[in-house]
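We did not get these values from a lab; they are worked out from the coordinates using the rules stated. Everything numeric in this text was worked out from a predicted model, so none of it was measured. For neighbour counting, all protein chains shown are included, and Cβ atoms are generated from backbone atoms with ideal geometry for every residue, glycine included.
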Amino acid sequence: MTAALDGPLVVVGGGTMGAGIALLAALHGQRATVLEGDADAADAARGRVERALARRVARGTLEAADADPVLARIAVVADHGATADPVAVIEAVPEILELKRRVLARAAAAWPGATLASNTSSIPIAEIAAGLDEPERVVGLHFFNPPTEMKLVELVVPPRALPAHVDVARRVAAALGRTVVEATDAPGFVVNRCARPYYLEALRAVEQGLADVATIDGACEEAGFPLGPFALMDLIGIDVSLAVTRSMWQRGDHEPRWRPSPLQEQRVADGQLGRKSERGFHAYGDGAPVRGRARPADRVVAAEEAADRAGAAIDASLTGRPAPAADVALARILVQLVNEARFAQAEGVATADAIDVGMTVGLNHPVGPARWSAWIGGARVDGFLDHLAGPAGDPVYRRPAPTPTTEEPR
């Protein structure tokens, strides 16, 4: 069990994410209070925590005798005055800017010394903090869903955040047993930003007729990714994936690399949202074909072998020779993962190591962009991006200008 924090955590919002963060804290020996808007919402949040604990006992990941002590460390209330002064307040309310500002403003007034953290996945922390009298108290602590299972937390540091509050947030994440990657306050932070090419380049490949959904998913899964991009969008929710992309594109000055896909937009317009609607890029539900293939036993070995195939496909493309569509599609996805990571480094969002940790720990990629680049070869990546950009210089495949802060691939 990790060392106790100086005080309890307050989690505002007892939905799936908020209840999960509180449970995570309690499982690591910390005290947590879930703050809800009214008694009915508090009862619902308490039920979520209790059911989650019961599932852990049923799966054998928590001893029955340990469940009651864990539950005793969690309070669920509907009144700011019903908890002791917390070391930090984490808001986990829906992705609505004014709601997040309102929640943190009330927390700031109720607990003057507390660090204020937002669990937002897409709204810039500076925009949230701008609604407060003391914006320097606000940082981002982005947990991944479900927070009890996902080991990564993004610590997002806006320009005005005081180092003391950044340090508290770092200690909170460590006390909850999470791996921390630090990022500046830029659209998508680390993981959502650097993961965009996995979806968007796959979508472009289908739109351009290079390969179909099944071929691309198969190529990625054979390369060691847990799910292909289309199967993953179906799992996340195509509407959710589109919303993240659209938010980044709008907040990122309509960056061409992040432009939403018409194919994705059409699926959402048609109500084909993925698993939750039983149809997305794949079909689900009764009577649908069973999707699945044998996963590689060693995903890193599979990734290195896939990088060799992608490199060969790049060489063929650059010399006008034919190559398997699956390998070309995979190569396009991999070089765009590398390219987006390069942009993030060049813009000071995160280091190469932080990006690799984010992609492997946060998304369970077999390796991170720096490793893909090293295996494929930086010159090959550059040449293929220039080839894809074509004579007209398609900005989707633009490369970042070299800067002193850009790290060479390992």
0 to 90° range, to nearest 10: angle between helix 325-346 axis and the chain longest Cα axis: 50
Percentage of interatomic Cα-Cα distances in the range 9-184 larger than 27 Å: 19
Cα convex hull volume per residue for the range 159-292 (Å³): 143
Approximate spin-label separation Arg59-Asp308, in nm, with each point projected 7 Å along Cα-to-Cβ: 3.6
Asp212 versus Val240: modelled label distance in nm, points set 7 Å from Cα along the beta carbon direction: 2.8
Within the range 9-184: Cβ-based charge dipole about Cα centre, in debye rounded to nearest 20 (Lys, Arg +1; Asp, Glu -1): 400
Label-point gap, in nm, between Glu136 and Ala392 - each point 7 angstrom along Cα→Cβ: 5.1
Charge dipole magnitude, Cβ of K and R +1, D and E -1 - the chain, Cα centre, debye nearest 20: 280
Counting DSSP beta bridges with both ends in the range 9-184, the antiparallel % (nearest 5): 15
Crossing angle, helix 97-110 versus the chain [Cα axis fit, 0-90 degrees, rounded to tens]: 30
Arg102/Asp298 FRET efficiency (R0 56 Å; Cβ-Cβ; nearest 0.05): 0.70
Overall form of the range 251-349 per C-alpha gyration tensor (a/c, 1.5; a/b vs b/c): oblate
Residue (of Thr115, Pro159, His142) at the positive-pole extreme of the range 60-174, dipole from beta-carbon charges: Pro159
Residue-averaged [θ]222 nm for the chain, counting only DSSP H segments that reach four residues, each worth -39500 (n - 2.57): -15000 deg cm²/dmol
Rounded if a/c under 1.5, otherwise prolate or oblate - the range 193-397, Cα gyration tensor axes: rounded
Residues Asp6 and Asp68, FRET efficiency given R0 of 30 Å [Cβ-Cβ distance, rounded to 0.05]: 0.75
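Could you tell me whether the chain comes out rounded, prolate or oblate from its Cα gyration tensor? Rule is a ≥ b ≥ c as square roots of the eigenvalues, rounded for a/c under 1.5, then prolate if a/b exceeds b/c, otherwise oblate.
Prolate is the answer for the chain, as a/c is 1.5 or above and a/b outweighs b/c.
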GluC sites (Glu not before Pro) lying in DSSP loop within the range 146-217, provided at most 14 other Cβ fall within 10 Å: Glu149
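Order these peptides, 273-282, 124-133, by their mean beta-carbon neighbour count within 10 angstrom, highest first.
In descending order of packing, they fall as 273-282, 124-133.
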